[in-house]
Amino acid sequence: MAKRKKASKSVLSVLGSIWRTFAKGLGNTIRFTTRAAKDLDNAHQRDGAALLLVIIGLASVAGTWMNSKSSVSRALYSIFYGGFGRVGILAPLVLFFFAVRLFRSPDKKQETARITIGTITLLISATGLAHMFNGSEGTGATAMRHGGGWLGYGVTKPLIAVLTPLLTYPVLFLVFGFGLLVVTATPFSQVAIRIKSTFIWLKTKMPKRAQEDDDEMYESAPFETPLVAQFEEEEFDDEEYEEPAEEEFDEEFTVEIPKAHPSTVPAPRPVQMMLQPDSKYVLPSPDLLKAGPAAKGKSKANDAIVSALTELFAEFEIDAQVTGFMRGPTVTRYEVELGNAVKVERITALSKNIAYAVASSEVRILSPIPGKSAVGIEIPNSDREIVALGDVLRSSVAGQDMHPMLSALGKDVEGNYVCANLAKMPHLLVAGATGAGKSSMINSMITSIMMRATPDEVRMVLIDPKRVELTAYDNIPHLITPIITNPKKAADALQWVVREMDLRYEDLATFGFRHIDDFNKAVRAGKVATPPGSDRILEPYPYLLVVIDELADLMMVAAKDVEECVVRITQLARSAGIHLVLATQRPSVDVVTGLIKANVPSRLSFATSSLADSRVILDSPGAEKLIGQGDGLFVPMGASRPIRIQGAYVSEREIADVVAHVKKQLSPRFREDVTAAQKVVVSAVNEIGDDYELLLQAVHLVVTTQIGSTSMLQRKLRIGFAKAGRLMDLMESRGIVGPSEGSKARAVLVKPEELDDVISTISD
């Protein structure tokens, strides 16, 4: 017996140890799996959730569509049909839709949340309508399945009790329509526009579109180069497509800035030139801007570059792998993930080797890609694509913001449309070498405003000293003055903008508002009234957009005056609804000064000729590696890193069509005081006093000799230093000599042949 007990105890101990070992191993396995699941990347977790939705969707297909007899399928059948009635037949489609969305767009959480809310709204209204149309009053399982399920019953029962069945129908239809608007991200005010855009898009997708067009979409190739070369387009269809040419221009002009005098005639109260109450203005149709070619997801060139990069990493024994790429219209960004203990510097040090391997000198490395644990290598496409302005304005990005100052910029590296609100920038500095794309950018910006804004919403001041760049917009109703081509009038216009800004701020301070938008809302609502006895009629102020084509020449002529005027506008004009766009082809430190850069936070740089120019405009390198012809770096206000974009292109034919449409709607109403020079009121008795004769002699001496020297006046007129200094100040106030430059002689601004006119002015 003792031996049996001993043997049984040994068997039990062995079995206990085996069980403990098994249980410990099972527990460790479960803990390891759970810990590993928590350590998974967020992308893998989202993919797992999407895969779970696919599995549930397949099971629901078997239960709802195929009448499977399995327990899981029957359970899902009971859940969907019992809960949602006849609407439950759509459950697999909904599950598959959200699964695909998690697979393709895992990072768009806000958009997914919006679609989810819209889907729930549609589900509630659809089940309620199904219950009403079925006419079932019972609560049995069969009645629920044939109607709207328990959800439809719970929705319609309270509504019927409160509103009666007759009024329940329109309420449910309104809720259903609201759900559709939420899912499609369409405001109620944009329903008609969205429907029209859909029809236009369907029209562009018709197979006979190419034969119906009598002419090509554009006049010439968009990426024209002086080098004559023949490119083979392997993936193009048989139908020929001629791309547009980007205009190259040199903005060279000289603008004389007159000296601002302290005693001037007060400017009159500005008159807001609004539309007449009986006039009608219809915005241009979106179909005036033609659609561009379809964007490519990938090409053979992309596969070849991926192979070249992989081979390069293997040759240099670097543990790195190309995990994917995002193809844009101009460049493709290849994502490279590094192995363990691999420094990022090993990739950045291979920039020249990468350029050699892919046969491209324009390689840009991002280390890392913003928001990703990967290194980005941007390589130009051998088969570049055109970005049509019409596609950008018809995109969902432009449709989400209906602000009249919205401008279409183009596409980024990932192929997403990029639009910017000029009112929020609030000012923009554009720079780039000749032919880099500034002309196309300005044309796209002005055309965008004409497509979206009426003349009572946005007014423009265009300065075009070359006389040929902006002539297409001559006499459009959005202009507040004719296109300025004279340098003297351009200087007067800048001074007028400053006066206009001061007068707008005077109104804001008088009526107690901090921004022009708040003032305009109050005026439209009738909440602002003029003081008793005033004959003035308050009207909303339009936005004022001022475009200076070439800043460099202005700074060459009168750097101090131009800088003061520009800085004052950029510092204060935001709240007054005045916005400035500065363009230059020479972004050097003497043109884009520190004060201008500090007050213009938004920058757009196209290809520059040197690294120094890139640092001046962007405060960072990168612009010198751009490939030109619309390829740019955009730094919006508040952004830490620039966004690489391909600028939108609009052809001259499209511009002419839009301009013809707006001219038919309304004639321009110009203001005469924009380019009018300020009159100087000089009192010879009060200001000059007993020095009148000495002043005439000093003017004659300085103008004839063309030397503005105080010591010369002391010697020639035999007067003291104080008297000579006062005479020189009097001549400066009348624009005869320039400001003091230390020990140097002052610049004489009047020519000898103009002496008689100057003396007669002083005598008057």
query: Does Val758 fit the bill of being aliphatic (A, V, I, L, M), outside any helix (DSSP H, G or I), touching a residue at least 12 places away in the same chain (Cβ under 8 Å) and not assigned by TED's automatic domain parsing to the domain that holds Lys560?
result: no
field: Some residue of segment 584-599 being modelled with pLDDT under 90, crowded, with 17+ Cβ neighbours inside 10 Å and out of contact with any strand residue (DSSP E or B) (no Cβ under 9 Å at 6 or more places or on another chain)
entry: yes
query: Considering segment 702-742 alone, what residues qualify as being loosely packed, with under 13 Cβ neighbours inside 10 Å and touching a residue at least 24 places away in the same chain (Cβ under 8 Å)?
result: Thr704, Gln706, Pro739
query: Any residue at all in segment 420-431 that is in contact with a Gly (Cβ under 9 Å, 6 or more places away or on another chain) and outside any helix (DSSP H, G or I)?
result: yes
- request: Run Ile463 past the list (1) modelled with pLDDT of 90 or more; (2) farther than 29 Å from Gly297 by Cβ and report the number of the one that doesn't hold.
  value: (1)
message: Can you find a residue that is crowded, with 19+ Cβ neighbours inside 10 Å and in the same structural domain as Gly437 (by TED's automatic domain parsing) anywhere in segment 532-542?
response: yes
field: Condition met for Ala472 (part of a helix (DSSP H, G or I), under 22 Å from Val658 (Cβ atoms) and among the hydrophobic types (A, V, I, L, M, F, W, C))
entry: yes
Odd one out for Ala676, checked against (1) surrounded by 16 or more Cβ atoms within 10 Å (Cβ to Cβ); (2) modelled with pLDDT under 85; (3) within 30 Å of Tyr473 (Cβ to Cβ): (1)
Residues within segment 351-398 that are in contact (Cβ under 8 Å) with a residue 60 or more places away in the chain, within 16 Å of Ala648 (Cβ to Cβ) and crowded, with 19+ Cβ neighbours inside 10 Å, tallied: 11
field: Filter result (among the basic types (Lys, Arg) and either in contact with a Ser or Thr (Cβ under 7 Å, 6 or more places away or on another chain) or modelled with pLDDT of 85 or more (or both)) within segment 711-737
entry: Arg715, Lys716, Arg718, Lys723, Arg726
statement: Checked pairs for segment 66-87, first free of Cβ contacts under 8 Å to residues at least 12 places away in the same chain, second of a type in the set (Phe, Trp, Tyr), C-beta under 9 Å and 6 or more apart or across chains, list as Asn67/Tyr77; Ser68/Tyr77
- request: Could you check, for segment 560-581, whether at least one of its residues is on the phi > 0 side of the Ramachandran plot and either over 25 Å from the mean Cα position of the chain (by Cα) or modelled with pLDDT of 85 or more (or both)?
  value: yes
task: Please go through segment 304-314 and pick out each residue that is surrounded by fewer than 13 Cβ atoms within 10 Å (Cβ to Cβ) and under 15 Å from Val342 (Cα atoms).
output: Ala314
message: Pairs please, first residue from segment 150-161 and on the phi < 0 side of the Ramachandran plot and touching a residue at least 60 places away in the same chain (Cβ under 8 Å), second anywhere and among the hydrophobic types (A, V, I, L, M, F, W, C) and in a helix (DSSP H, G or I), Cβ atoms under 6 Å, 6+ apart in sequence or on different chains.
response: Trp150/Met144; Leu151/Phe84; Gly152/Ala130
Residue check for Arg327: under 30 Å from Ile449 (Cα atoms) and either assigned by TED's automatic domain parsing to the domain that holds Ser439 or at pLDDT below 90 (or both): yes
Filter result (more than 14 Å from Ala576 (Cα to Cα) and surrounded by fewer than 14 Cβ atoms within 10 Å (Cβ to Cβ)) within segment 487-531: Arg524, Ala525, Gly526, Lys527, Ala529, Thr530, Pro531
query: Of the residues that sit in segment 427-464 and are among the charged types (D, E, K, R) and more than 22 Å from Pro601 (Cα to Cα), which one is nearest to the chain's Cα centre (by Cα)?
result: Arg452
query: Restricting the search to segment 619-629, which residues are assigned to a loop (DSSP other than H, G, I, E, B) and buried (at least 22 other Cβ atoms within 10 Å of the Cβ)?
result: Leu626, Gln629
message: Against the condition at pLDDT 85 or above and closer than 20 Å to Arg644 by Cβ, how does Ile318 come out, does it pass?
response: no
- line: In segment 399-443, anything of a type in the set (S, T, N, Q), touching a residue at least 24 places away in the same chain (Cβ under 8 Å) and either buried (at least 20 other Cβ atoms within 10 Å of the Cβ) or closer than 19 Å to Leu633 by Cβ (or both) is listed as Ser407, Thr434, Ser439, Ser440, Asn443
Number of positions in segment 532-587 that are over 24 Å from Ala612 (Cα atoms) and acidic (Asp, Glu): 4
- line: When segment 743-755 is checked residue by residue, the ones that are part of a helix (DSSP H, G or I) and surrounded by 10 or more Cβ atoms within 10 Å (Cβ to Cβ) are Pro752, Glu754, Leu755
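The values are calculated or read from the model by the stated rules, or taken from the named source; none is laboratory data. Source: prediction; values computed, not measured. All Cβ positions, glycine included, derive from the backbone under ideal geometry; neighbour counts span all protein chains shown.
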